[in-house]
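*Asks:* Take a look at this one; I'll ask things after.
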Amino acid sequence: MTEVLKLDPARPQQEAIELAASIVRDGGLVAFPTETVYGLGADAMNENAVRKIFAAKGRPADNPCIVHVCGREMLDRVAGYVPGKAEHLIEKFWPGPLTLVLDRKVEVAAPVSAGLSTVAVRMPSDQIALELIRAASTPIAAPSANVSGSPSPTTAAHVLEDLGGRIDLILDGGATNIGIESTVLDVTSEPPIILRPGWVTQEMLSNTIGPIAHEASDAELQRSPGTRHRHYSPRARVILIEHGSPELIERVCRETLKEGAAGFIGHTPVAISNARFYSIRLSDRAEDYAYSIYAALRELDSKSARAIVVEGIDERGEGAAVMDRLRRAAAERIGNGET
């Protein structure tokens, strides 16, 4: 039985935090909110505890986890060397949605890093997350708190839907603020390489430390979660229209209705009156998409949609992170030379 405790994100109740921290210290699993998505946390220094994360999620063993810390001193417990560029990034972007790939200390449980010599680390800005890490007095390994491959959870209800009965506790801090996962930057390479785009953009990074690479090799991508396996996908087949006229969007939506119930997520109005067609309108802003997209995919799954048409957005700035997630979720892509 998974317990759910509702907390005030601005003033976390100490009793709930202490309970969660004791579960982490004892080798259990706790789901908690961050500013990006909900994470499934375990003691990053306890190999048996970390293995429970992989078992609960059905996560491939070669997919690393991000380690969450609550301060610069705790970083030194997991990272063997922190280069100068990383220090500048920490000063500017921590706490926040930036994960740094660094040299791993041997004390960190090997499954955290899928057996690699590197470790992905960040300091979240969510108050509940920070209070939990401080109370547990240990770095917390935490991938997204969902069944592996499904849309990431942005509410406690999403976590319960996926992992209820598999984990010990869910700390409910309401909906997450950003809604998509952190930027992952490998600072063991020169120049540093973006392994996964996120809310901290390439421009922000390069303005802080200079040139940033964004085309990683397969070997480099292994150091980051969310880059090689199936991710972010609902049960329904996702058709991503990267570029398309309103007429194209409506035509594709009508074609999907031939398969059964269908859905549309986007900023273009679609004039289809059909009891089996569900439309979720968003603005064309990256912030709106990031905040809403995973919940929208889950909502359409709950309506038994067989296919979901998603309209893409401009991928400049933060839009790059949104489009990265949509491309990984999509079974088909239209408007980019692919079908």
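Any read-out appearing in this document is the output of simple, stated calculations on the displayed coordinates, not a laboratory observation. For clarity, every value in this text was computed on a predicted model and none was experimentally measured. Reconstructed Cβ throughout: ideal geometry from the backbone, glycine too, with neighbour counts over all protein chains shown.
*Asks:* What is the list of residues in region 201-234 whose amide nitrogen lies under 13 Å from a point 7 angstrom out from the Cα of Asp62, following Cα to Cβ?
*Replies:* 218-224, 227-230
*Asks:* Okay, next question. Give, in nm to one decimal, the length gained when the segment between Thr2 and Ser245 is fully stretched (0.36 nm per residue of separation minus the Cα-Cα distance).
*Replies:* Extending this stretch completely gives an extra 82.9 nm.
*Asks:* Using amide H atoms built in the peptide plane, which far-off residues or other-chain residues are under 5 Å from Asp172 H to H?
*Replies:* When sequence neighbours closer than 5 places are left aside, the close amide H contacts are Leu5, Lys6, Leu7.
*Asks:* Beta carbons within 10 angstrom, averaged per residue: use that to sort the peptides 249-262, 281-294, highest first.
*Replies:* 281-294, 249-262
*Asks:* State whether region 116-155 is rounded, prolate or oblate according to the following rule on the C-alpha gyration tensor (a ≥ b ≥ c being the square roots of its eigenvalues): a/c under 1.5 gives rounded; otherwise a/b larger than b/c gives prolate, and the remaining case gives oblate.
*Replies:* oblate
*Asks:* Taking θ = phi - 60°, what integer Hz values does the Karplus form 6.51 cos²θ - 1.76 cosθ + 1.60 yield along region 127-136, in sequence order, with x for Gly and Pro?
*Replies:* With coefficients 6.51, -1.76 and 1.60, one gets 5, 5, 4, 5, 5, 5, 4, 4, 5, 6 Hz.
*Asks:* Whole angstrom only: what separates the Cα centroid of region 118-163 from the Cα centroid of region 262-320?
*Replies:* A separation of 25 Å, based on Cα centres.
*Asks:* Contact order normalised by length for the chain, with contacts defined as Cα pairs under 8 Å and 6 or more residues apart; what percent is it?
*Replies:* Reported relative contact order: 20 percent.
*Asks:* On to the next question. Taking a threshold of 30 Å on the Cα-Cα distance, which of the pairs Lys6/Lys57; Lys52/Lys85; Lys52/Lys92; Lys57/Lys105 fall above it?
*Replies:* Violating the 30 Å limit, Cα to Cα: Lys52/Lys85; Lys52/Lys92.
*Asks:* Could you name the lysines whose alpha carbon sits less than 30 Å from that of Lys258, not counting residues in the same chain fewer than 8 places away?
*Replies:* List returned: Lys303.
*Asks:* Additional query: How high is the relative contact order of region 13-142? Use alpha-carbon pairs under 8 Å, at least six apart in sequence, and give a whole percent.
*Replies:* RCO, region 13-142: 37 percent.
*Asks:* May I ask you to evaluate 6.51 cos²θ - 1.76 cosθ + 1.60, the Karplus curve with θ = phi - 60°, for each residue of region 297-308 and list the ³J(HN,Hα) values in order in whole Hz, giving x for glycine and proline?
*Replies:* 4, 5, 4, 5, 4, 5, 8, 6, 4, 7, 9, 10
*Asks:* Next up: Treat each spin label as a single point 7 Å out from the Cα along the C-beta direction, and report the Glu287 to Ser117 distance in nm.
*Replies:* 4.3 nm
*Asks:* Work through the residues other than Gly266 whose Cβ is under 12 Å from its Cβ and net out their charges, Lys, Arg +1 and Asp, Glu -1.
*Replies:* So the environment of Gly266 carries a net charge of -4.
*Asks:* Under 5 Å between amide hydrogens, which residues at least 5 positions from Gly80 or on another chain qualify, with H placed 1.01 Å from N in the peptide plane?
*Replies:* Hits under the 5 Å cutoff: Asp103, Arg104, Lys105.
*Asks:* What does the net charge come to around Leu75 if you take all other residues with beta carbon closer than 11 Å to its beta carbon, with K and R at +1 and D and E at -1?
*Replies:* Charge balance in the 11 Å sphere: +1.
*Asks:* Determine the percent antiparallel among the DSSP beta bridges restricted to the chain, to the nearest 5.
*Replies:* 35 percent
*Asks:* What is the distance, in nm, between label points placed 7 Å from the Cα along the Cα-to-Cβ direction at Arg134 and at Glu255?
*Replies:* 5.5 nm
*Asks:* To the nearest 500 deg cm²/dmol, what mean residue ellipticity at 222 nm is calculated for the chain from DSSP H runs of n ≥ 4 alone, each contributing -39,500 (n - 2.57), summed and divided by the residues?
*Replies:* -9500 deg cm²/dmol
*Asks:* Also: List residues of region 55-79, by number, whose backbone nitrogen lies under 20 Å from a label position 7 Å along Cα→C-beta of Lys92.
*Replies:* Of the residues in region 55-79, 72 have backbone N under 20 Å from the label point off Lys92.
*Asks:* Let me ask something additional. Quick one: if the Förster radius is 41 Å, what FRET efficiency do Val147 and Ala271 give, using the C-beta to C-beta distance and rounding to 0.05?
*Replies:* So the FRET efficiency works out to roughly 0.70.
*Asks:* In terms of modelled amide H atoms, which long-range or inter-chain residues lie less than 5 Å from the amide H of Ile265?
*Replies:* Ile280, Val309, Val310, Glu311
*Asks:* May I ask for the equivalent-ellipsoid semi-axes of region 237-334, computed as the square root of five times each C-alpha gyration tensor eigenvalue and listed largest first in whole Å?
*Replies:* 20, 14, 12
*Asks:* Let me ask another. Of the options Asn207, Ser189, Leu221, report the single residue whose Cα projects farthest towards the positive end of the charge dipole of region 173-234 (beta-carbon charges: Lys, Arg +1; Asp, Glu -1).
*Replies:* Leu221
*Asks:* A follow-up question, please. Sorted by mean Cβ packing within 10 Å, highest first, what order do the peptides 78-84, 174-180 take?
*Replies:* 174-180, 78-84
*Asks:* Report relative contact order for region 9-73 in percent, whole number only (criteria: Cα-Cα under 8 Å, sequence separation at least 6).
*Replies:* Worked out over region 9-73, it gives 19 percent.
*Asks:* Please turn the phi angles of region 279-292 into ³J(HN,Hα) values with the Karplus equation 6.51 cos²θ - 1.76 cosθ + 1.60 (θ = phi - 60°), one per residue in order, whole Hz, x for glycine and proline.
*Replies:* 10, 10, 8, 10, 6, 8, 7, 4, 4, 5, 4, 4, 5, 10
*Asks:* Residues with beta-carbon under 13 Å from that of Ala236, excluding Ala236: net charge, scoring Lys, Arg +1 and Asp, Glu -1?
*Replies:* With Lys, Arg at +1 and Asp, Glu at -1, the neighbours total +2.
*Asks:* Placing +1 at every Lys and Arg Cβ and -1 at every Asp and Glu Cβ, with all other atoms neutral, what dipole size does the chain have around its Cα centre, in debye to the nearest 20?
*Replies:* Computed charge dipole of the chain: roughly 760 debye.
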